[in-house]
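Structure first, commentary second.
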Amino acid sequence: MRAAITLCAAAALAATLGTASGAPSKPRPVQQESKDPVLVDCFWRPEVRPAEFMLACGDGNSRLDLLEWSRWDGRAAVAKGVNWVNDCKPYCAAGRFHSYPVTVRLDDPKPWKKNPDLRQYGKISLTYTDGRPEGFPKVVTYPLWS
């Protein structure tokens with residue numbers, strides 16, 4: 001009986017540890033009293049210094065990962081990371097994802113329409129530092145949703 005209980009406890013612990021180590025990292029929670037802007041994700045959640053960020057919310061064909069932030073303040077935020085982009089060849093469902101090192105810059109903070117007590121960055125720029133997706137310029141800038 002004791003052996004069975006010990007085995008079950010070990011299995012439960014292993015399952016918990018396996019799940020925790022395989023789970024994506026969570027962004028730091030946003031505090032209302034923060035004066036720095038937030039980055040709003042695809043699910044309309046405000047984030048501060050996220051480790052990953054989905055650029056293509058509709059189809060998931062472009063995302064940022066391994067983000068390491070060197071700046072996050074009232075005017076701008078800067079990080080280095082990787083942009084994973086689907087080549088969509090011969091079509092997106094059959095395409096392959098390729099990684100491209102990037103520098104990410106967030107600018108244009110303004111009140112968030114959903115929660116005017118928070119300011120959100122309104123623009124994101126990616127600078128490709130070593131290779132880039134076919135047809136992309138070295139620097140791309142996108143407006144962020146609000």
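None of the figures in this text is laboratory data; all of them are computed from the coordinates on show. Note that this is a predicted model, so its numbers are computed, not measured. Positions of Cβ are generated from backbone atoms using ideal geometry, with glycine treated the same way; all protein chains shown enter the neighbour counts.
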* Kindly check whether there is at least one residue in region 98-108 that is farther than 18 Å from residue 57 by Cα and either exposed (fewer than 13 other Cβ atoms within 10 Å of the Cβ) or touching a helix residue (DSSP H, G or I) at 6+ places or on another chain (Cβ under 6 Å) (or both). => no
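Within region 84-113, can you find the residues that are among the basic types (Lys, Arg) and under 20 Å from residue 49 (Cβ atoms)? Don't jump to the end; show me each part of the working.
Taking region 84-113 first, the residues among the basic types (Lys, Arg) are 89, 96, 105, 110, 113.
Within region 84-113, 105, 110 qualify.
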* Asked: Could you say whether any residue in region 127-140 is touching a strand residue (DSSP E or B) at 6+ places or on another chain (Cβ under 7 Å), among the basic types (Lys, Arg) and exposed (fewer than 12 other Cβ atoms within 10 Å of the Cβ)?
  -> yes
* Asked: Across region 64-97, which residue is surrounded by the most Cβ atoms within 10 Å (Cβ to Cβ) among those that are under 14 Å from residue 133 (Cα atoms) and β-branched (Val, Ile, Thr)?
  -> 85
